[in-house]
1. Looking only at the stretch 99-136, filter to residues that are in contact with a Leu (Cβ under 7 Å, 6 or more places away or on another chain) and among the small types (Gly, Ala, Ser); which one of those is nearest to residue 22 (Cα to Cα)?
2. Can you tell me which residues in the stretch 98-130 are hydroxyl-bearing (Ser, Thr, Tyr) and within 17 Å of residue 28 (Cα to Cα)?
3. If you take just the helices (runs of 4 or more DSSP H) that sit entirely in the stretch 42-101, which of them hold at least 1 residues that are among the β-branched types (Val, Ile, Thr) and surrounded by 15 or more Cβ atoms within 10 Å (Cβ to Cβ)?
4. Report, by residue number, each residue of the stretch 82-111 that is touching a Lys or Arg at 6+ places or on another chain (Cβ under 6 Å) and under 20 Å from residue 160 (Cβ atoms).
5. I'd like to check something: does the stretch 42-49 contain any residue that is polar (S, T, N, Q) and closer than 11 Å to residue 93 by Cα?
Amino acid sequence: MADDSKTSNVGGRYAQALFDLADDENKIAAVEADLKSLKAMLADSRDLRTLLASPAFGAEDKGKGLSAVAEKAGFDPLTRKFLGLISANGRASAVPSVITAFQALSAERRGVVSAQVTTAVPLTAAQSTGVAQALRQALGKDPEIETRVDPSILGGIKVQVGSRLFDASLGTKLDSLKFALKRA
């Protein structure tokens, strides 16, 4: 899945259009729940990610695949229509960026900030609470935290809020040290 600025821009425009429609129909929460489910499905299914990203599948195939997923999951009719439209327009590969942008718009509407927290091992309940309190204090807003586990960071934590990234991971620190030693 391309994550260049063109795709992100397209995703942002589609997300804004979907958000406006959902707002008009008082379905922001329902559409957001559907998109959250779809995001989880994308994370869990390599086949679904391949379907959306691969140019080997045409718009019609992508539309059928997304339609089947939406039907099986019981998505709201607005979400189903939207997924059909984005597929028909040949923009199915932008679905992940649409989901991210829609969630950001929804969080902004609710007055919260979205944060993605990545750790090498799952956080305990106490650690999650501590991270939430630290973010609340630093940002001045209630955080909506999405956690990810990525063993490749070795240890520490990465927190991304919008375009800002706080990286206190062991992997990054080791890379910095390796770079410094090469220059010496």
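The values are calculated or read from the model by the stated rules, or taken from the named source; none is laboratory data. Everything quoted here is computed from the prediction, not taken from an experiment. Heads up, the Cβs are rebuilt from the backbone with ideal geometry, glycines too, and the neighbour counts pull from every protein chain shown.
1. Filtering first and then ranking leaves 115.
2. Step one: list which residues in the stretch 98-130 are hydroxyl-bearing (Ser, Thr, Tyr), which gives 100, 106, 114, 118-119, 124, 128-129.
Selection gives 100, 106, 114.
3. Numbers: elements: 46-53, 59-73, 77-88.
Output list reads 59-73, 77-88.
4. Of the residues in the stretch 82-111, the ones touching a Lys or Arg at 6+ places or on another chain (Cβ under 6 Å) are 87, 92, 99.
Scanning the stretch 82-111 gives a single hit, 99.
5. Of the stretch 42-49, the ones polar (S, T, N, Q) are 45.
Okay, now just the ones that are also closer than 11 Å to residue 93 by Cα, so none.
Checked the stretch 42-49: no residue is polar (S, T, N, Q) and closer than 11 Å to residue 93 by Cα.
Quick grid of which residues meet (1) charged (D, E, K, R); (2) at pLDDT 90 or above; (3) crowded, with 16+ Cβ neighbours inside 10 Å:
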position	(1), (2), (3)
105	no, yes, yes
114	no, no, yes
121	no, yes, no
125	no, yes, no
131	no, yes, yes
135	no, yes, yes
151	no, yes, no
156	no, yes, no
165	no, yes, no
